[in-house]
Amino acid sequence: MSKEYSLVWDLDSIYSGGSSSTELQTALKENKQELDQFVQNVKDWQIPENTDDASTFLILINQNADVARVLLTASSYLECLASADVMDERALELAALVYQHQSILKTAEDEWYEKFAQISDRVWKEILQQNGFEQIAFVLNEARTNRKKKGTKEVEKTINALSVDGYRGWSDHYDTIVSKVRVKVEIDGEIKDLSAGQALNMLNHPKREVRQAVFKAYSNSWQENGRLFADTLNHLAGFRLATYEMRNWENVLAEPLSINRMEQGTLDAMWNVIREHKSTFVSFLNRKAKLLGIPKLSFYDVEAPLVFQGESKKYSFQEGAEFIIQQFRKFSPKMAHFAEHAFQNRWIEAEDRDNKRPGGFCTDFPVAKESRIFMTYDGAPGTVATLAHELGHAFHSYVIRDEPFENTDYAMNVAETASTFAEMIIADASVKEARTKEEKITLLEDKIGRSIAFFMNIH
């Protein structure tokens, strides 16, 4: 039997003291000085005319990475604090400060990239062949190409400055509202006062009457702030449209396609395949309704577990962790060792308690070369697979931890490939190890149901 794993993560190994951390304050103060120096160095940097200037260029690259690395670590730390305790207002205040610093950095980078675009093709090619540039040549080329597609220096400076109260501000506004959402519902004769995250997990309850009651209360609670959520979404969209107009972009997908390094044709081909084959999942949902004994699925039935005898199977956190490690080991001992390390060193926040945000994520701390996983674990097979999913993200970051910082900024399409692969290792293993026909059907339904999110919810 391995050591009992904690459901509460350790953040003190990153910065001790939570949102009152003096270590964090010192790091941000020192980083701001380095940021200001980087901004000035970018202004002073002369456009290279030959490879003699390559060494100065490389110094700037390393300085940029050092500043960005600390800001990302601080941002991740504060995101973890605010997610684990929605009442931690100090964490939100500090996050706003970090956003401001990131905006300043982004403006300096755009000015720097604009100078990239002015370097002659011949000199640019020669510089990238110098020592220190080979490993990051792709990223530098991409930054140079993408900068040519954006607005003027003044336009990009304005966009970056306004993004603090635009993209970031409205996103924070949403999180603030969510922190106030309470769901009061009667379950088995007892009135429960749930956070949004706790209520969301209850929508997977095996009893339909419980799911129905929670869904009704959950919907009513969100509806109370419906206008505020609508304002948030509208202003996020409005900021994006204004940004596109300032850059003279006409395709609404211009930025996500660029970020994910995709062509429009690739995206269209993918969705066409999904559109052609979605009927398979419609048949699956119709069959699920019959197995649940209802004429038609409601929203709160889509992710409901199939229970044939008694209660659905539950894994304690310890059991779930050991199952993940065991199944990872069959595929890759290195992957299993990493997962074990993450559990032993408390990289995971999984406790089911009040005042946590809904949902789950994995975030990186590049200074420490570590990750942290946030979720609310309820013991269902689905949450075991979700935990494996997030560990897939963390393992991805672990594998590339010693790459140049510039090469570690991958997009969601790549990120979700790694995590979904890890998730499927567990889902497949669960089905194979089922002891009865009924258990196998239950686990197979959970596995197929995960595709609904990709092929039905998103499309």
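Quick one: of 278/356; 278/432; 369/447; 207/314, which pairs are farther than 23 Å apart, Cα to Cα?
Result: 278/356; 278/432; 369/447 exceed 23 Å.
Please state the shape class of the range 197-279: rounded when a/c is under 1.5, otherwise prolate if a/b exceeds b/c and oblate if not, all from the C-alpha gyration tensor.
oblate
Which listed residue (120, 39, 86) has the Cα farthest towards the positive end of the charge dipole for the range 32-164, taking +1 on Lys and Arg C-beta and -1 on Asp and Glu C-beta about the Cα centre?
120
Add -39500 (n - 2.57) for each DSSP H run of 4 or more in the chain, then divide by its residues: what number comes out at 222 nm, to the nearest 500 deg cm²/dmol?
-21000 deg cm²/dmol
Here are a few candidate values for Cα extents along the principal axes in Å: (1) 75, 51, 50; (2) 79, 47, 38; (3) 136, 94, 35. Which one was actually calculated from the structure I just gave you?
(1)
Express the relative contact order of the chain as a whole percentage, based on alpha carbon pairs under 8 Å and six or more residues apart in sequence.
19
Report the antiparallel proportion of the DSSP beta bridges in the chain as a percent, rounded to a multiple of 5. Don't skip to the answer; put the middle values down first.
Working: 11 of 13 bridges.
Bridges in the chain are about 85 percent antiparallel.
Roughly how tilted is helix 381-399, in degrees to the nearest 10 and between 0 and 90, from the longest Cα axis of the chain?
With both axes taken from Cα atoms, the answer is about 20 degrees.
With the contact rule set at Cα under 8 Å and sequence spacing of 6 or more, what percent relative contact order holds for the range 18-149?
Rounded, it is 34 percent for the range 18-149.
Rounded to whole Å, give me the distance from the Cα center of the range 410-459 to that of the range 32-52.
Between the Cα centre of the range 410-459 and that of the range 32-52, the gap is 48 Å.
Sort the following peptides by mean Cβ neighbour count (other Cβ atoms within 10 Å, averaged over residues), highest first: 68-77, 5-14.
Working: 68-77: 21.9, 5-14: 16.8.
The most tightly packed comes first, giving 68-77, 5-14.
GluC sites (Glu not before Pro) within the range 329-432: which are DSSP loop residues with at most 16 other Cβ atoms inside 10 Å?
Within the range 329-432, the qualifying GluC sites (Glu not before Pro) (loop, at most 16 other Cβ atoms within 10 Å) are 351.
So what is the relative contact order of the range 260-459, in percent, for Cα pairs below 8 Å that sit 6 or more residues apart?
Details: 195 pairs, mean separation 42.7, N = 200.
Normalised by residue count, the contact order of the range 260-459 is 21 percent.
Each reported figure results from applying straightforward, stated rules to the coordinates on display, with no laboratory input. Since the model is a prediction, treat every value here as computed from it, not as a measurement. Positions of Cβ are generated from backbone atoms using ideal geometry, with glycine treated the same way; all protein chains shown enter the neighbour counts.
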